[in-house]
Amino acid sequence: MEKSNTGRIQNFNRKTSRKHQRPGTEKSIVIIVALTALIFVAASAVMSQWSIEEMCKIVRGQFNEEQMVIAHNVKSFIEREFSFLKREMKILSHELENDEDPIRAIQSTLARLVECGVSTIEFRDRNAGVVYSGHPFRKEITHSPLDESLPLPFDLEAPKINQLSISNLQVTPSGIFLILFLPVDQSGSRMIICHVNISWLLDPYLKNIRSGKTGYAWIIDGEGRFLFHPVTSFTGKNAFLVRKEKDHDISFVNINKIQRDEMLKGREGTGRYVSGWHRGLTGRIEKLIAYTPVTISQAPTLNWSIAVVAPVLEIEKAVRDKYMDQFFMQIAVIFTIIAGASIIMFFEVKWSRHMEEEVNRQTEELVNSEAKYRSLVESAEDFIFTVDLKGKFLSMNSFTSNFFKCRAEDHIGKGLSSIFPKEMSGRLQPLIRTVFETGKSIRKESGLDLAGMQILVDTHMVPVRSEKGEVNSVLCIGRDITEDKKLERHLIRTEKLASLGTLAAGVAHEINNPLGVILGFCDLMLRKKDKASQDYKDLKIVERQGLHCKEIVENLLGFVRTGEDNGHRQTDLNFCLEDAIKIAKHRFEKEGIFLSTEFSDTIPLVKGDSRKLQQVFLNLINNAADAMPESGRLTIRTFMDTHLHMVAVQFQDEGIAIEGKDIDHIFEPFFTTKPEGRGTGLGLFVSYGIITGFGGIMECESQKPSSANAASGGTIFTVKLMVMS
C-alpha cells in the first residue's frame, strides 16, 4: 500500500516534467482543442432535444422504480403491524383460555398495541354474562352486563375454533374501522373483539411520505374505497366516483383502469395517468404511479393496494433544466478555452511555477493520506494483514502483532503458520488461493484455539488489485465474534426453553391428577397387605416409582412458576451462597473435595428469592461434585459485571468436561449426562427457569484439560443477577 502511493507520486512528477519540456506545442494544442470543442457544441445543440426526450423516458422509469421501493416499504410496515396485532390477540386468547385475570390481560395487551391503531378491545363472556372493554388511552378496564341482543360483526357458526377472523371495513362518521374476532374456547361462548381505527394506524406514517418533492401515497381497499388520501375528504369514499365529483372536466379513464384491472386484482406495477389537482395545484396534471398489493389476511382473504404518485412535470423540469445548464456551460467552456488559448503563452512561466506548487501540494496530500490510512488500520481492533498467493505476510497491523505478542517486522515474508496455529493456517491457505483464482471476496467463520481458549473469528478476505486489475495480494480482516455467538446461542436457548416450558406445564398438569389417584389407591392397598408378603413389597415398588414421577411433575411445575412475585424481593448473594455451602459441606469432607471461595464484599443486593436461589446454587454445587468422582477443587466466586451492571457468581470445578455436542442441550428438560438412575435431567432445566424468571442470565463453559496442564480442564457455570435498585 505504501509502495502504491509512492508510485503515484512519482508518476505525477514525471507527467508534469514532460509538460514543461514541450512549451512550444501548447499553442497548437489549444487551437485544436478549441475547434474540437466548437464542433462538439454545434452537434450537441442539434441533438439536445432528442437527448432530453430520451433522458426523460429513462428518468421516468427510474423514478417509478424508486416509487415502487417506497410502496414496498409502506406495504411491509402495514403487513408487519397487522401480523403483530394478530399475534397479540392470540396471546391474549391463550391467557384468557388459561383463566388469567381479564382486566390485567387486556391492560397488558393494550399497552403493547398503543401504536397499532386499536381503538377498543372487548372480551365477551357469555357464560359469566359480562363484557370487558378497554381503550388504549384509558387506564381503567370497564366491565358491564352482556347484552345478548347486541349485533355481532361475525357469524358465530362460521369461524373455526381459535381461528382469527377479520370483518369487512366499516365506514362510520367517526372513522373507518376493521374488526378482528377470535373465539377463546370451543363453544364460542367467550370471544375477543378488537376494533382497529384505520386512520389511527395509517395517518402517522403515510402523511409524511414524500416521493420526490411533492409526491404522496394513497391506499384503497378491495372494494375501491380510499383508506388514506392526502385529500382528507376522499377517505372512506369510492375512488372511482369521488374523483369525478371533484372535477367533471377531467377523464380519469387511465387511473380507473389501473385501479380496476390491476390494483383491485392484487397486482403490482407502474404506470401514468392524468389528474385534475395536486397539493393545491389545479388543471390537467400528468402523474407517475407505482402500486403494489398489501395482504392483510389470507384466511379470510383481505387485500388492500398502496399507490405512490408524483407529477411528471416535477421530474422532467429538473432534467430539462440540467440539460440547459449543461448546454450553457459548454458554451462558457468554449469561450474560456478560446480566451485562454490567446493568452496562455504569456503566462507560461507563471503557470509552470503554479504547477510546481501543485506538485508539492499533491505530494504532501498523498503523504498525509497515507499516514491517515495507516493510522486507521493501526487503530482498528481487528486482525488486519495482507498476504501473497503463497500465504506469506506482506503487511500486518499492530493489533495482530500485539495479540500474538510478536513484532510485525519479524513475520513479513513468512507464512501464516509463523503466528497462527497449524490447523487454522491450513484452513486459510485454500481460501487465499480461491480469492486469487476467482477475484471475489470470501467470508468465513472459523475457530481459533489459543492456550486452551477457544475463540471464534469472522474472517473476510478481499482481493487487492494492481493498476492493471490483476489480483496481486489478499487483504484479510478478522474479527473476534465469540461473545456475539454466545449471545446468539443464549437467545436461541431461551426461546427453545420457553416453548418447552409451556409444553411441560401442560403435560405436568395432565399427569398430576391421575398420578395422585394411583398413589392414593396404592396407599389403600398397602394398608390391606401384610408387610412381609410379596404383594406388599411389589406395592412399595409401585409407590416408590410413583413418588419419583410426582417429584418430576413438581419440578416441571416449579419451572413454570419461577419468577412470580420476585421483582420486589432482595437477596444478599454471599449469605445465600454460605447457606448452600453449609448443606453440601459434609459431602465435600466425605468425598475429599476442596472448596475455595472468593466472595466480593462490595457487591450490592440482587433481585431474587433466597430460597429459590439456594436451590439453584445447591444444584450447581452437587453437579460439580458429581463431575469430580476422584476429588478435586471447586471454586465459588462472586464479583460485579460492570459491563452489564449485574452481580455474577461462578462455580468452577476441575471435573469431567461437558462434550461440545452436549453443551447446547444441558438446559433442556430430561437431558442428562449422568448414568441411568442418578439424575432426572430436570435440575439445570428448573435452575435455568428460576434465574431467567428473576431477569438473570445463566451460562456454561467447559473444556477438556490440556496435555501440558491436567488441572486446566473443567466446567464453569456463571449466574448473573440484576442489581436491586
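Read the figures in this text as sums done on the coordinates, not as results from a lab. Because the structure is a prediction, the values reported are computed rather than measured. In this analysis, Cβ positions are derived from the backbone assuming ideal geometry, glycine residues included, and neighbour counts consider all displayed protein chains.
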Per-residue HN-Hα couplings for the range 425-438, Karplus 6.51 cos²θ - 1.76 cosθ + 1.60 at θ = phi - 60°, whole Hz, x for Gly and Pro? 5, x, 7, 6, 4, x, 5, 4, 5, 5, 4, 5, 6, 8
Can you run phi through the Karplus equation (6.51, -1.76, 1.60; θ = phi - 60°) for the range 74-81 and list ³J(HN,Hα) in whole Hz, with x for Gly and Pro? 5, 4, 4, 5, 5, 5, 5, 5
Amide H of Ile306: which non-local residues (sequence gap of 5 or more, or other chain) have their own amide H closer than 5 Å, using H built in the peptide plane? Thr292, Val294
Ranking Phe671, Ile716, Asn619 by how far each Cα lies towards the positive end of the charge dipole of the range 562-725 (+1 on Lys and Arg Cβ, -1 on Asp and Glu Cβ), the top one is Asn619
Neighbourhood net charge (15 Å Cβ-Cβ; Lys/Arg +1, Asp/Glu -1) for Asp99: -4
Once you list every other residue whose beta carbon is under 12 Å from the beta carbon of Asn73, what net charge do they have if Lys and Arg are +1 and Asp and Glu are -1? 0
Arranged from highest to lowest average of other beta-carbon atoms within 10 Å per residue, in what order do the peptides 532-543, 279-290 appear? 279-290, 532-543
Contour minus Cα-Cα span, Val253 to Phe403, at 0.36 nm per residue, comes to 46.9 nm
Starting from the amide H of Gly222, placed 1.01 Å from N in the peptide plane, find each other amide H under 5 Å away whose residue is 5 or more places distant or on another chain. Asn303
Output the pairs from Lys86/Lys207; Lys139/Lys612; Lys582/Lys612; Lys287/Lys322 with a Cα-Cα distance over 23 Å in this structure; if there are none, say none. Lys86/Lys207; Lys139/Lys612
Once you sort the root eigenvalues of the Cα gyration tensor of the range 584-689 as a ≥ b ≥ c, which label holds: rounded (a/c under 1.5), prolate (a/b larger than b/c) or oblate (the other case)? oblate
Highest mean first, how do 428-438, 136-146 rank when packing is the count of other Cβ atoms within 10 Å averaged over residues? 428-438, 136-146
Once phi is turned into ³J(HN,Hα) by the Karplus curve 6.51 cos²θ - 1.76 cosθ + 1.60 with θ = phi - 60°, what whole-Hz value does each residue of the range 689-698 show in order, with x for glycine and proline? x, 5, 5, 5, x, 7, x, x, 10, 10
Note down the nm distance, to one decimal, between modelled labels 7 Å out along Cα→Cβ at Leu389 and at Ile481. 3.0 nm
Net length gained if the chain between Lys585 and His645 were fully extended (0.36 nm per residue, minus Cα distance): 18.5 nm
Mean Cα-pair separation over length for the range 57-212, i.e. relative contact order, pairs under 8 Å, 6 or more apart, %: 22 percent
If amide hydrogens are placed 1.01 Å from N in the peptide plane, which non-local residues have theirs closer than 5 Å to the one on Gln570? Gly608
Just order 262-271, 518-527 by mean Cβ neighbour count inside 10 Å, highest at the front, would you? 262-271, 518-527
Once the piece of chain linking Asp664 and Ile91 is laid out straight, how much longer is it, given 0.36 nm per residue of separation minus the C-alpha distance between them? 203.5 nm
Considering only the other residues whose Cβ falls under 15 Å of the Cβ of Asp147, what net charge follows from Lys and Arg at +1 and Asp and Glu at -1? -1
